[in-house]
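Read through the structure below, which is laid out as C-alpha coordinates, and then see the notes.
The values are calculated or read from the model by the stated rules, or taken from the named source; none is laboratory data. Since the model is a prediction, treat every value here as computed from it, not as a measurement. Neighbour counts run over all protein chains shown; Cβ positions are idealised from the backbone, glycine included. Surface accessibility is based on the protein's heavy atoms, side chains included, excluding ligands, DNA and RNA. Shrake-Rupley method; radii C 1.70, N 1.55, O 1.52, S 1.80 Å.
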Amino acid sequence: MIAIAAIWISLLLIGGGFALDRVLTGAITRNFDAGLEYVLIAMIRSSEIGPDGEVRLIQPLGDQRFLEPYSGLYWQISGEGQEPYPSRSLWERRLDTSDEHNDDDMHVYDSNQFPDEELRVLERDVVLPGSKTRWRFQIAASRQSLDEQVRAVRATLIPSLGMLGLGLIVLAALQTFYGLWPLRHIRRAIAAMRGGQNRRVEAPLPLEVQPMVDELNALLAHNEKQAEEARLHAGNLAHALKTPLTVLVNSATGNDSPLAETVRREAATMQRQVEHHLARARAVGRRGAAQARANVRDSVDSVSRAVAALYPDVRLDAAGDKDLVVCVERQDLDELIGNLLENAAKYGGGSVFVTIGRDGAMAEILVEDDGPGISPADRTRIFDRGVRLDSGKPGTGLGLAIVRDVAEIYGGSIALEESEDLGGLLVRLKLPAG
(Lines give C-alpha, C1' and ligand atoms only; values in the text may rest on other atoms or scores of the structure.)
Protein backbone atom coordinates (compact mmCIF):
# COMPACT_ATOMS: atom_id res chain seq x y z
CA MET A 1 0.00 0.00 0.00
CA ILE A 2 2.80 2.41 0.83
CA ALA A 3 4.68 1.54 -2.38
CA ILE A 4 1.58 2.01 -4.54
CA ALA A 5 0.84 5.34 -2.84
CA ALA A 6 4.45 6.46 -3.34
CA ILE A 7 4.41 5.54 -7.05
CA TRP A 8 1.05 7.22 -7.63
CA ILE A 9 2.06 10.39 -5.74
CA SER A 10 5.34 10.54 -7.66
CA LEU A 11 3.61 10.17 -11.02
CA LEU A 12 1.03 12.85 -10.18
CA LEU A 13 3.66 15.28 -8.90
CA ILE A 14 5.92 14.69 -11.90
CA GLY A 15 3.03 15.28 -14.29
CA GLY A 16 1.71 18.24 -12.30
CA GLY A 17 5.19 19.67 -11.91
CA PHE A 18 5.84 19.42 -15.64
CA ALA A 19 2.54 21.16 -16.41
CA LEU A 20 3.19 23.85 -13.78
CA ASP A 21 6.69 24.38 -15.16
CA ARG A 22 5.24 24.87 -18.64
CA VAL A 23 2.69 27.37 -17.33
CA LEU A 24 5.20 29.39 -15.29
CA THR A 25 7.97 29.42 -17.89
CA GLY A 26 5.38 30.29 -20.54
CA ALA A 27 4.12 33.20 -18.44
CA ILE A 28 7.68 34.46 -17.85
CA THR A 29 8.49 34.15 -21.55
CA ARG A 30 5.31 35.94 -22.59
CA ASN A 31 6.05 38.73 -20.16
CA PHE A 32 9.57 38.99 -21.57
CA ASP A 33 8.25 39.04 -25.13
CA ALA A 34 5.62 41.65 -24.21
CA GLY A 35 8.38 44.01 -23.09
CA LEU A 36 10.23 43.58 -26.38
CA GLU A 37 7.00 43.94 -28.37
CA TYR A 38 6.29 47.23 -26.62
CA VAL A 39 9.71 48.53 -27.67
CA LEU A 40 9.24 47.22 -31.23
CA ILE A 41 5.88 49.00 -31.63
CA ALA A 42 7.34 52.20 -30.21
CA MET A 43 10.19 51.92 -32.73
CA ILE A 44 7.77 51.44 -35.62
CA ARG A 45 5.67 54.42 -34.53
CA SER A 46 8.71 56.72 -34.33
CA SER A 47 10.07 55.69 -37.74
CA GLU A 48 9.76 57.71 -40.95
CA ILE A 49 11.30 57.88 -44.41
CA GLY A 50 13.96 60.52 -44.93
CA PRO A 51 14.56 62.65 -48.04
CA ASP A 52 16.91 60.06 -49.54
CA GLY A 53 14.49 57.18 -48.90
CA GLU A 54 16.29 56.02 -45.80
CA VAL A 55 14.61 55.12 -42.52
CA ARG A 56 15.15 57.32 -39.50
CA LEU A 57 13.78 57.49 -35.99
CA ILE A 58 11.97 60.66 -35.01
CA GLN A 59 12.48 59.91 -31.33
CA PRO A 60 15.33 57.78 -29.97
CA LEU A 61 14.36 54.75 -27.90
CA GLY A 62 14.65 55.52 -24.21
CA ASP A 63 16.57 52.44 -23.03
CA GLN A 64 20.21 53.32 -22.44
CA ARG A 65 21.29 49.79 -23.35
CA PHE A 66 20.61 50.52 -27.03
CA LEU A 67 23.59 52.92 -26.89
CA GLU A 68 26.03 50.58 -25.12
CA PRO A 69 27.97 48.15 -27.36
CA TYR A 70 27.11 44.50 -26.78
CA SER A 71 24.73 45.42 -23.98
CA GLY A 72 22.39 42.53 -24.74
CA LEU A 73 19.54 44.66 -26.15
CA TYR A 74 19.54 45.51 -29.84
CA TRP A 75 17.38 46.81 -32.65
CA GLN A 76 17.78 46.90 -36.38
CA ILE A 77 15.77 48.13 -39.38
CA SER A 78 16.54 46.63 -42.77
CA GLY A 79 14.93 46.71 -46.18
CA GLU A 80 15.51 45.18 -49.58
CA GLY A 81 18.27 47.05 -51.39
CA GLN A 82 18.97 49.23 -48.36
CA GLU A 83 21.77 49.22 -45.86
CA PRO A 84 20.64 47.95 -42.44
CA TYR A 85 20.03 50.64 -39.84
CA PRO A 86 21.29 49.17 -36.51
CA SER A 87 21.42 50.35 -32.94
CA ARG A 88 24.80 51.39 -31.51
CA SER A 89 24.64 48.39 -29.18
CA LEU A 90 25.17 46.06 -32.17
CA TRP A 91 28.41 47.83 -32.97
CA GLU A 92 29.91 46.00 -35.96
CA ARG A 93 27.47 43.04 -35.76
CA ARG A 94 24.19 42.77 -37.65
CA LEU A 95 21.01 40.83 -37.04
CA ASP A 96 20.31 38.05 -39.50
CA THR A 97 17.66 38.81 -42.16
CA SER A 98 18.48 35.97 -44.55
CA ASP A 99 15.22 34.18 -43.82
CA GLU A 100 12.99 35.22 -46.67
CA HIS A 101 9.44 35.38 -45.41
CA ASN A 102 6.78 37.97 -44.72
CA ASP A 103 6.16 38.89 -41.12
CA ASP A 104 2.91 40.78 -41.37
CA ASP A 105 2.26 39.71 -37.80
CA MET A 106 4.69 39.64 -34.94
CA HIS A 107 7.28 36.85 -35.31
CA VAL A 108 9.10 35.62 -32.22
CA TYR A 109 11.97 33.13 -32.21
CA ASP A 110 15.24 32.18 -30.53
CA SER A 111 18.46 32.70 -32.42
CA ASN A 112 22.05 31.50 -32.06
CA GLN A 113 23.45 33.83 -34.72
CA PHE A 114 25.88 35.32 -32.17
CA PRO A 115 28.22 32.51 -30.99
CA ASP A 116 28.61 33.84 -27.45
CA GLU A 117 25.07 35.09 -26.93
CA GLU A 118 21.72 33.42 -27.39
CA LEU A 119 19.06 35.89 -28.49
CA ARG A 120 15.31 36.23 -28.25
CA VAL A 121 14.22 38.02 -31.45
CA LEU A 122 10.95 39.80 -32.29
CA GLU A 123 10.45 41.04 -35.84
CA ARG A 124 7.74 42.46 -38.03
CA ASP A 125 7.59 43.64 -41.66
CA VAL A 126 6.10 47.11 -42.22
CA VAL A 127 5.57 49.36 -45.29
CA LEU A 128 6.07 52.93 -44.08
CA PRO A 129 4.15 55.85 -45.58
CA GLY A 130 6.04 57.42 -48.49
CA SER A 131 7.99 54.23 -49.26
CA LYS A 132 7.28 51.14 -51.29
CA THR A 133 10.05 49.20 -49.55
CA ARG A 134 9.06 46.48 -47.10
CA TRP A 135 11.02 47.26 -43.97
CA ARG A 136 11.82 44.62 -41.35
CA PHE A 137 11.92 45.93 -37.82
CA GLN A 138 13.80 43.66 -35.35
CA ILE A 139 14.25 43.79 -31.60
CA ALA A 140 16.70 41.27 -30.07
CA ALA A 141 17.52 40.70 -26.42
CA SER A 142 19.91 38.33 -24.75
CA ARG A 143 18.13 35.31 -23.25
CA GLN A 144 20.36 35.46 -20.16
CA SER A 145 17.87 37.33 -17.98
CA LEU A 146 14.98 35.20 -19.26
CA ASP A 147 16.88 31.98 -18.55
CA GLU A 148 17.81 33.24 -15.09
CA GLN A 149 14.15 33.85 -14.27
CA VAL A 150 13.22 30.36 -15.54
CA ARG A 151 16.01 28.80 -13.48
CA ALA A 152 14.90 30.74 -10.39
CA VAL A 153 11.35 29.44 -10.82
CA ARG A 154 12.55 25.87 -11.29
CA ALA A 155 14.92 26.17 -8.33
CA THR A 156 11.87 26.92 -6.20
CA LEU A 157 9.40 24.61 -7.95
CA ILE A 158 11.41 21.37 -8.00
CA PRO A 159 12.43 21.33 -4.29
CA SER A 160 8.92 22.41 -3.30
CA LEU A 161 7.32 19.58 -5.24
CA GLY A 162 9.96 17.19 -3.89
CA MET A 163 9.19 18.20 -0.31
CA LEU A 164 5.47 17.97 -1.04
CA GLY A 165 5.92 14.48 -2.52
CA LEU A 166 8.03 13.34 0.41
CA GLY A 167 5.50 14.74 2.87
CA LEU A 168 2.62 13.01 1.08
CA ILE A 169 4.48 9.69 0.98
CA VAL A 170 5.34 9.96 4.69
CA LEU A 171 1.72 10.84 5.43
CA ALA A 172 0.51 7.85 3.37
CA ALA A 173 2.99 5.61 5.19
CA LEU A 174 1.81 6.87 8.60
CA GLN A 175 -1.81 6.50 7.58
CA THR A 176 -1.17 2.94 6.42
CA PHE A 177 0.90 2.08 9.48
CA TYR A 178 -1.59 3.41 12.01
CA GLY A 179 -4.57 2.30 9.94
CA LEU A 180 -3.35 -1.30 10.09
CA TRP A 181 -2.23 -1.03 13.71
CA PRO A 182 -5.37 -2.81 15.02
CA LEU A 183 -4.33 -5.89 13.04
CA ARG A 184 -1.12 -5.97 15.07
CA HIS A 185 -3.25 -5.95 18.24
CA ILE A 186 -5.17 -8.92 16.84
CA ARG A 187 -1.95 -10.73 15.98
CA ARG A 188 -0.60 -10.22 19.50
CA ALA A 189 -3.93 -11.28 20.98
CA ILE A 190 -3.90 -14.48 18.93
CA ALA A 191 -0.29 -15.11 19.99
CA ALA A 192 -1.37 -14.58 23.61
CA MET A 193 -4.17 -17.11 23.12
CA ARG A 194 -1.75 -19.60 21.60
CA GLY A 195 0.64 -18.96 24.49
CA GLY A 196 -2.13 -19.47 27.04
CA GLN A 197 -2.42 -15.96 28.46
CA ASN A 198 -5.94 -15.40 27.10
CA ARG A 199 -8.81 -17.44 25.77
CA ARG A 200 -10.33 -14.76 23.53
CA VAL A 201 -9.45 -11.52 21.77
CA GLU A 202 -10.75 -9.08 24.35
CA ALA A 203 -8.89 -5.82 23.61
CA PRO A 204 -11.13 -2.93 22.43
CA LEU A 205 -10.64 -2.49 18.71
CA PRO A 206 -11.93 -0.07 16.03
CA LEU A 207 -15.32 -0.69 14.51
CA GLU A 208 -13.76 -1.67 11.18
CA VAL A 209 -12.12 -4.81 12.60
CA GLN A 210 -14.46 -5.58 15.48
CA PRO A 211 -16.77 -7.78 13.33
CA MET A 212 -13.79 -9.91 12.32
CA VAL A 213 -12.76 -10.26 15.99
CA ASP A 214 -16.29 -11.25 16.93
CA GLU A 215 -16.33 -13.94 14.24
CA LEU A 216 -12.91 -15.17 15.40
CA ASN A 217 -14.07 -15.44 19.00
CA ALA A 218 -17.23 -17.22 17.88
CA LEU A 219 -15.14 -19.69 15.86
CA LEU A 220 -12.89 -20.38 18.85
CA ALA A 221 -15.89 -20.98 21.08
CA HIS A 222 -17.43 -23.31 18.48
CA ASN A 223 -14.20 -25.31 18.14
CA GLU A 224 -13.81 -25.62 21.90
CA LYS A 225 -17.39 -26.81 22.21
CA GLN A 226 -16.91 -29.42 19.48
CA ALA A 227 -13.62 -30.62 21.00
CA GLU A 228 -15.21 -30.90 24.43
CA GLU A 229 -18.18 -32.82 23.03
CA ALA A 230 -15.87 -35.19 21.14
CA ARG A 231 -13.77 -35.74 24.26
CA LEU A 232 -16.85 -36.43 26.36
CA HIS A 233 -18.20 -38.90 23.82
CA ALA A 234 -14.86 -40.68 23.63
CA GLY A 235 -14.59 -40.79 27.40
CA ASN A 236 -18.15 -42.02 27.83
CA LEU A 237 -17.58 -44.73 25.24
CA ALA A 238 -14.34 -45.83 26.87
CA HIS A 239 -15.86 -45.95 30.32
CA ALA A 240 -18.90 -47.81 28.97
CA LEU A 241 -16.57 -50.47 27.53
CA LYS A 242 -14.29 -50.80 30.56
CA THR A 243 -17.01 -52.12 32.88
CA PRO A 244 -18.12 -55.02 30.60
CA LEU A 245 -14.47 -55.86 29.91
CA THR A 246 -13.71 -56.00 33.62
CA VAL A 247 -16.68 -58.30 34.12
CA LEU A 248 -15.44 -60.59 31.32
CA VAL A 249 -11.91 -60.72 32.76
CA ASN A 250 -13.17 -61.44 36.27
CA SER A 251 -15.49 -64.16 34.97
CA ALA A 252 -12.70 -65.83 33.04
CA THR A 253 -10.22 -65.64 35.90
CA GLY A 254 -9.77 -68.98 37.62
CA ASN A 255 -11.06 -70.93 34.65
CA ASP A 256 -8.40 -72.90 32.82
CA SER A 257 -10.43 -73.72 29.74
CA PRO A 258 -9.20 -72.58 26.29
CA LEU A 259 -12.23 -70.31 25.99
CA ALA A 260 -11.44 -68.58 29.26
CA GLU A 261 -7.83 -68.07 28.18
CA THR A 262 -9.02 -66.55 24.90
CA VAL A 263 -11.44 -64.27 26.73
CA ARG A 264 -8.73 -63.06 29.13
CA ARG A 265 -6.27 -62.44 26.34
CA GLU A 266 -8.68 -60.57 24.06
CA ALA A 267 -10.23 -58.65 26.93
CA ALA A 268 -6.76 -57.49 28.00
CA THR A 269 -6.08 -56.35 24.44
CA MET A 270 -9.35 -54.45 24.40
CA GLN A 271 -8.55 -52.85 27.74
CA ARG A 272 -5.21 -51.64 26.42
CA GLN A 273 -6.89 -50.10 23.40
CA VAL A 274 -9.54 -48.44 25.52
CA GLU A 275 -6.93 -46.99 27.89
CA HIS A 276 -4.83 -45.82 24.99
CA HIS A 277 -7.61 -44.04 23.14
CA LEU A 278 -9.04 -42.64 26.34
CA ALA A 279 -5.67 -41.08 27.14
CA ARG A 280 -5.49 -39.63 23.63
CA ALA A 281 -9.03 -38.27 23.89
CA ARG A 282 -8.25 -36.56 27.19
CA ALA A 283 -5.05 -35.04 25.79
CA VAL A 284 -6.68 -33.82 22.58
CA GLY A 285 -9.56 -32.28 24.50
CA ARG A 286 -7.31 -30.51 26.98
CA ARG A 287 -4.93 -29.34 24.27
CA GLY A 288 -7.62 -26.91 23.15
CA ALA A 289 -7.17 -25.06 26.44
CA ALA A 290 -4.23 -22.89 25.41
CA GLN A 291 -3.75 -21.67 28.97
CA ALA A 292 -2.63 -25.15 30.09
CA ARG A 293 0.48 -24.85 32.30
CA ALA A 294 2.26 -27.25 34.61
CA ASN A 295 5.46 -27.05 36.64
CA VAL A 296 7.75 -29.93 35.67
CA ARG A 297 9.53 -30.28 39.00
CA ASP A 298 6.26 -30.37 40.93
CA SER A 299 4.98 -33.14 38.69
CA VAL A 300 8.25 -35.10 38.97
CA ASP A 301 8.23 -34.89 42.76
CA SER A 302 4.59 -35.93 42.99
CA VAL A 303 4.99 -38.88 40.62
CA SER A 304 8.27 -39.91 42.28
CA ARG A 305 6.54 -40.31 45.64
CA ALA A 306 3.88 -42.53 44.07
CA VAL A 307 6.46 -44.66 42.21
CA ALA A 308 8.61 -44.93 45.36
CA ALA A 309 5.62 -46.36 47.18
CA LEU A 310 5.25 -49.05 44.50
CA TYR A 311 8.98 -49.76 44.24
CA PRO A 312 10.50 -49.07 47.69
CA ASP A 313 13.87 -50.59 46.72
CA VAL A 314 14.39 -48.10 43.85
CA ARG A 315 16.21 -44.83 44.42
CA LEU A 316 14.73 -41.86 42.53
CA ASP A 317 16.60 -38.55 42.28
CA ALA A 318 15.85 -35.34 40.34
CA ALA A 319 17.84 -32.22 39.47
CA GLY A 320 17.56 -29.19 37.24
CA ASP A 321 15.36 -26.16 36.78
CA LYS A 322 12.75 -26.04 39.54
CA ASP A 323 10.75 -23.25 37.89
CA LEU A 324 10.47 -24.72 34.39
CA VAL A 325 6.87 -24.73 33.13
CA VAL A 326 5.47 -26.60 30.14
CA CYS A 327 2.33 -25.98 28.06
CA VAL A 328 0.73 -29.24 29.15
CA GLU A 329 -2.15 -30.02 31.47
CA ARG A 330 -0.90 -31.21 34.85
CA GLN A 331 -2.87 -34.47 34.61
CA ASP A 332 -1.31 -35.31 31.25
CA LEU A 333 2.17 -34.31 32.44
CA ASP A 334 1.76 -36.62 35.46
CA GLU A 335 0.74 -39.45 33.14
CA LEU A 336 3.74 -38.87 30.85
CA ILE A 337 6.30 -38.72 33.66
CA GLY A 338 4.52 -41.49 35.56
CA ASN A 339 4.85 -43.93 32.65
CA LEU A 340 8.52 -43.08 32.21
CA LEU A 341 9.43 -43.34 35.92
CA GLU A 342 7.42 -46.53 36.37
CA ASN A 343 9.18 -48.17 33.41
CA ALA A 344 12.58 -47.01 34.70
CA ALA A 345 11.84 -48.33 38.19
CA LYS A 346 10.41 -51.59 36.88
CA TYR A 347 13.08 -52.46 34.33
CA GLY A 348 16.10 -50.62 35.76
CA GLY A 349 18.69 -51.80 38.23
CA GLY A 350 17.51 -49.79 41.21
CA SER A 351 18.55 -46.20 40.39
CA VAL A 352 16.54 -43.63 38.43
CA PHE A 353 17.70 -40.08 37.80
CA VAL A 354 15.57 -37.26 36.29
CA THR A 355 17.16 -34.12 34.82
CA ILE A 356 15.02 -31.09 34.00
CA GLY A 357 16.36 -28.50 31.56
CA ARG A 358 15.56 -26.30 28.61
CA ASP A 359 16.52 -26.65 24.95
CA GLY A 360 15.51 -23.46 23.14
CA ALA A 361 11.72 -23.18 23.15
CA MET A 362 11.34 -26.75 24.44
CA ALA A 363 11.51 -28.14 27.94
CA GLU A 364 13.71 -31.25 28.11
CA ILE A 365 13.12 -34.02 30.64
CA LEU A 366 15.75 -36.75 30.82
CA VAL A 367 14.90 -40.02 32.61
CA GLU A 368 17.90 -42.34 33.12
CA ASP A 369 18.21 -45.75 34.78
CA ASP A 370 20.97 -48.27 35.43
CA GLY A 371 19.19 -51.22 33.84
CA PRO A 372 20.16 -53.26 30.78
CA GLY A 373 18.83 -50.59 28.42
CA ILE A 374 17.29 -51.18 25.01
CA SER A 375 19.21 -52.12 21.89
CA PRO A 376 19.17 -49.61 19.00
CA ALA A 377 17.24 -52.10 16.89
CA ASP A 378 14.38 -52.20 19.42
CA ARG A 379 14.19 -48.47 20.21
CA THR A 380 11.69 -47.85 17.43
CA ARG A 381 9.67 -51.04 17.81
CA ILE A 382 9.16 -50.47 21.54
CA PHE A 383 6.77 -47.58 20.76
CA ASP A 384 4.33 -49.90 18.97
CA ARG A 385 1.20 -50.58 20.96
CA GLY A 386 1.35 -53.69 23.10
CA VAL A 387 5.04 -54.41 22.44
CA ARG A 388 6.91 -55.63 25.55
CA LEU A 389 10.56 -56.59 25.49
CA ASP A 390 10.36 -58.18 28.95
CA SER A 391 7.22 -60.31 29.19
CA GLY A 392 8.26 -61.69 32.56
CA LYS A 393 7.05 -58.58 34.40
CA PRO A 394 3.46 -57.40 34.58
CA GLY A 395 2.26 -54.67 32.26
CA THR A 396 0.28 -53.92 29.13
CA GLY A 397 3.09 -52.72 26.87
CA LEU A 398 1.17 -49.49 26.35
CA GLY A 399 3.12 -46.92 28.44
CA LEU A 400 5.63 -45.65 25.88
CA ALA A 401 3.01 -45.60 23.12
CA ILE A 402 0.82 -43.37 25.28
CA VAL A 403 3.79 -41.14 26.13
CA ARG A 404 4.66 -40.73 22.45
CA ASP A 405 1.08 -40.00 21.35
CA VAL A 406 0.33 -37.52 24.13
CA ALA A 407 3.68 -35.75 23.67
CA GLU A 408 3.06 -35.37 19.93
CA ILE A 409 -0.45 -34.04 20.58
CA TYR A 410 1.11 -31.21 22.61
CA GLY A 411 3.82 -30.61 19.99
CA GLY A 412 6.57 -32.51 21.77
CA SER A 413 8.66 -35.60 21.08
CA ILE A 414 10.32 -38.57 22.76
CA ALA A 415 13.57 -40.36 21.94
CA LEU A 416 15.42 -43.33 23.44
CA GLU A 417 19.19 -43.21 23.94
CA GLU A 418 21.89 -44.82 26.05
CA SER A 419 22.70 -43.24 29.41
CA GLU A 420 26.37 -42.33 29.67
CA ASP A 421 26.27 -41.87 33.45
CA LEU A 422 24.16 -44.84 34.60
CA GLY A 423 24.73 -47.16 31.64
CA GLY A 424 21.07 -48.01 31.12
CA LEU A 425 18.31 -46.36 29.11
CA LEU A 426 17.97 -42.62 28.69
CA VAL A 427 14.55 -41.30 27.67
CA ARG A 428 14.63 -37.74 26.25
CA LEU A 429 11.15 -36.17 26.50
CA LYS A 430 10.65 -32.71 24.96
CA LEU A 431 7.57 -30.56 25.55
CA PRO A 432 6.76 -26.94 24.66
CA ALA A 433 8.04 -24.64 27.38
CA GLY A 434 5.68 -22.09 28.88
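Key figures for this structure:
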quantity: Residue with peak Gaussian network fluctuation, the chain [Cα springs, cutoff 10 Å], from V326, V352, V127; calculated: V127
quantity: Accessible surface, per residue, of the chain when the full set of protein chains is kept, probe 1.4 Å, Å²; calculated: 57 Å²
quantity: Sparse-neighbour loop sites [trypsin sites (Lys or Arg not before Pro); region 301-384; at most 13 other C-beta within 10 Å; DSSP]; calculated: K322
quantity: Nearest 10 degrees, 0 to 90: helix 296-310 Cα axis against the chain principal axis; calculated: 10 degrees
quantity: Phi to ³J(HN,Hα) by Karplus 6.51 cos²θ - 1.76 cosθ + 1.60 over region 133-144, Hz, x for Gly, Pro; calculated: 6, 8, 8, 9, 9, 10, 10, 10, 9, 4, 7, 4
quantity: Contour minus Cα-Cα distance for R199 and A415 (0.36 nm per residue); calculated: 74.5 nm
quantity: Whole-Hz couplings from phi, Karplus 6.51/-1.76/1.60, listed for region 414-426; x for Gly and Pro; calculated: 9, 9, 10, 9, 9, 6, 6, 7, 9, x, x, 8, 10
quantity: Amide H partners (placed H, <5 Å) of E118, local residues excluded; calculated: R143
quantity: Sequence-distant lysines (8 or more away, or on other chains) whose Cα lies within less than 17 Å of K322; calculated: K430
quantity: Residue-count net charge about N217 - beta-carbon cut-off 11 Å; Lys, Arg +1, Asp, Glu -1; calculated: -2
quantity: Residue-by-residue Karplus 3J(HN,Hα) for region 216-223, coefficients 6.51, -1.76, 1.60, Hz, glycine and proline x; calculated: 5, 5, 5, 5, 4, 4, 5, 5
quantity: Nonlocal amide H pairs with M362, under 5 Å, H built at 1.01 Å; calculated: A433
quantity: Length gained when the stretch Q82-L171 is fully extended (0.36 nm per residue, less Cα-Cα span); calculated: 25.2 nm
quantity: Mean ellipticity per residue at 222 nm, deg cm²/dmol - from DSSP H runs of n ≥ 4 across the chain, formula -39500 (n - 2.57); calculated: -17500 deg cm²/dmol
quantity: 0 to 90° range, to nearest 10: angle between helix 2-45 axis and the chain longest Cα axis; calculated: 10 degrees
quantity: Spherically averaged projected area in nm², based on the convex hull that wraps the Cα atoms of the chain; calculated: 42.4 nm²
quantity: Angle between the chain longest axis and helix 399-409 axis [Cα atoms, degrees, rounded to 10]; calculated: 20 degrees
quantity: With all protein chains modelled, accessible area of T29 [1.4 Å, Å²]; calculated: 30 Å²
quantity: Amide H within-cut-off set for L425, under 5 Å, with H built and near neighbours excluded; calculated: D369, G371, G373, S419
quantity: Solvent-accessible surface ranking, highest first, for E418, E275, E368 at 1.4 angstrom; calculated: E418, E275, E368
quantity: Candidate residues K132, K430: accessible-area rank, largest first, probe 1.4 Å; calculated: K132, K430
quantity: Solvent-accessible ranking of R65, R143, R194, largest area first, probe 1.4 Å; calculated: R194, R65, R143
quantity: Sparsely packed GluC sites (Glu not before Pro) within region 93-196, loop by DSSP, other Cβ within 10 Å at most 14; calculated: E100
quantity: Cleavage-rule hits (GluC sites (Glu not before Pro)) in region 1-63: DSSP loop, at most 16 neighbouring Cβ within 10 angstrom; calculated: E54
